[in-house]
Amino acid sequence: MAEHESSYTPSNAFMKWVDDRLPIVRFSKEHLMDYPTPKNLNYWWTFGGILAMMLGIQILTGIVLAMHYTPQQDLAFDSVELIKRDVNFGRFIQSVHETGATMFFFAVYVHIFRGLYFGSYKAPREILWMLGVLIFLLMMATAFMGYVLPWGQMSFWAATVITNIFAAIPVIGDPLLSLLRGGFAVGNPTLNRFFSLHYLLPFVIAAVVVLHIWALHVPGNNNPVGVEVKSSRDTVPFHPYYTMKDLFGIVVFLIPFAWLVFFEPDIIGNPSNYIMANPLQTPPEIVPEWYFLPFYAILRSIDFNLLFINSKLLGVIFFGAAILILFFVPWLDRSKVRSGTFRPLFKPFYWLFVINFLMLMWLGSQPVGDAAHWWVPIVGKIGVFYYFFYFLIVLPFLPRIEVPRPLPASISESVLRPART
């Protein structure tokens, strides 16, 4: 599918001279305009373009904010307030950057769950999927470091709690913790490290995104029915069909984004983070941003020892495994059918997994340790069990008993006669 003849012809002698030495126009036409794309892609595929737009927004606004931010523990909090109050359009730029992180993660979660349902990780797209998971990991690291920079109460104590996770790792834990913090506690060296990494990592993400798109263009796009392209009848040029479709999806996505930026910029922020960091006063509840909550709930739910492994290390193992297991999904899923549309037994397990993930997200925001919330660790353990049950039991063993529905002979057939769902 990725192999197609170029239709680009230089319009004049100068363009031919450029094309012979740097064929960037030819490359753009082949891979951004004429690229053959399955004709049945729906709006769930639009989130790839939305994510590219959001990355650009975050990098541009981050560069502007970095010009006015002071990574010093006595000045960081005030510098953020200065940006909001005194810098031209500072409040708007800061709000776009802060809200953009939320919308970025919302879009990436939709993108991941779309890939899980439609089998976008199956051969020959394993590296494409793994690069996507790597981008997700880099996003989490970047967002966490960015959350620390305002140097409010929640920023400081979230940094303290999360960095303490590394101390549970045997042998290398304490040296790694000291390297990350720059000392024995979260302080000025930590803030400088996090600011530097938060500024640099988005460019690393952008580089991996280029590899991600390259890996996409080698085998071509997956599609809702999971049937590979068999002829040119199954495809349309990316432009104008999908550029217009993606543009419409982006405009729709920007409507709630703009509403949050202009009308509710602080609706997701924790009130404690509008108080300057105080190492001597611990907030009643230390809660990370919503996009970390499912994994935070997994970490908190493991409060028991297992054999010679204490609860703290065991929680870190489950926390790390919950993310790293995504790299192995292409080999865990043994079904020969890509799309969940044609897998009647897979669908209920998948949607239960989505509900379970949302439940873990909610549990991560709930307080623990008091009598009124005794049930939170119990329900959390159930959520952790199903999370790993889905990947380690459902994906490998369900295909042995599942009888998939017949696949269409081609994408064109599925478009002309949509399959019943």
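The values are calculated or read from the model by the stated rules, or taken from the named source; none is laboratory data. Note that the structure is a prediction, hence the values are computed from the model and not measured. Positions of Cβ are backbone-derived with ideal geometry, glycine not excepted, and every protein chain shown enters the neighbour counts.
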Inset, instruction - Looking only at region 123-154, count how many residues are part of a helix (DSSP H, G or I) and over 21 Å from the mean Cα position of the chain (by Cα). - result: 2
Legend entry - Qualifying residue in region 272-289 (condition: at pLDDT 90 or above, assigned to a loop (DSSP other than H, G, I, E, B), among the acidic types (Asp, Glu) and out of contact with any Leu (no Cβ under 8 Å at 6 or more places or on another chain)): yes
Legend entry - For PHE304: the one exception among (1) aromatic (Phe, Trp, Tyr); (2) buried (at least 16 other Cβ atoms within 10 Å of the Cβ); (3) at pLDDT below 95: (2)
Legend entry - Number of the condition not met by THR70 [criteria: (1) surrounded by 20 or more Cβ atoms within 10 Å (Cβ to Cβ); (2) under 30 Å from PRO284 (Cβ atoms); (3) in contact with a helix residue (DSSP H, G or I) (Cβ under 8 Å, 6 or more places away or on another chain)]: (1)
Inset, instruction - Considering each of ILE50, ILE83 in turn, give the residue that is buried (at least 17 other Cβ atoms within 10 Å of the Cβ) and either farther than 30 Å from SER410 by Cα or free of Cβ contacts under 8 Å to residues at least 12 places away in the same chain (or both). - result: ILE83
Inset, instruction - Filter region 1-45 down to residues that are exposed (fewer than 15 other Cβ atoms within 10 Å of the Cβ) and acidic (Asp, Glu) and give me whichever is modelled with the lowest pLDDT. - result: GLU3
Inset, instruction - For residues that are in contact (Cβ under 8 Å) with a residue 40 or more places away in the chain, aromatic (Phe, Trp, Tyr) and farther than 18 Å from PHE388 by Cα, tally how many sit in region 277-335. - result: 2
Legend entry - Selection from region 163-173 of residues that are out of contact with any helix residue (DSSP H, G or I) (no Cβ under 6 Å at 6 or more places or on another chain) and either farther than 25 Å from PRO271 by Cα or buried (at least 16 other Cβ atoms within 10 Å of the Cβ) (or both): ILE169, PRO170, VAL171, ILE172
Legend entry - Within region 354-402, considering residues that are of a type in the set (Val, Ile, Thr), surrounded by fewer than 18 Cβ atoms within 10 Å (Cβ to Cβ) and in contact (Cβ under 8 Å) with a residue 24 or more places away in the chain, the one nearest to LYS230 (Cα to Cα): ILE401
Legend entry - helices (runs of 4 or more DSSP H) within region 1-69 that include 2 or more residues within 30 Å of PHE92 (Cα to Cα), hydrophobic (A, V, I, L, M, F, W, C) and out of contact with any Gly (no Cβ under 6 Å at 6 or more places or on another chain): 47-66
Legend entry - Criterion violated by THR160 - all others in (1) of a type in the set (Val, Ile, Thr); (2) surrounded by fewer than 21 Cβ atoms within 10 Å (Cβ to Cβ); (3) modelled with pLDDT of 95 or more satisfied: (3)
Legend entry - Residue under evaluation VAL261, criteria (1) crowded, with 19+ Cβ neighbours inside 10 Å; (2) of a type in the set (Val, Ile, Thr); (3) assigned to a loop (DSSP other than H, G, I, E, B), criterion not met: (3)
Legend entry - Residue list for region 293-316, filter: of a type in the set (Phe, Trp, Tyr) and not in a helix (DSSP H, G or I): PHE304, PHE308
Inset, instruction - State whether the residues of region 198-218 include one that is loosely packed, with under 13 Cβ neighbours inside 10 Å and touching a residue at least 60 places away in the same chain (Cβ under 8 Å). - result: yes
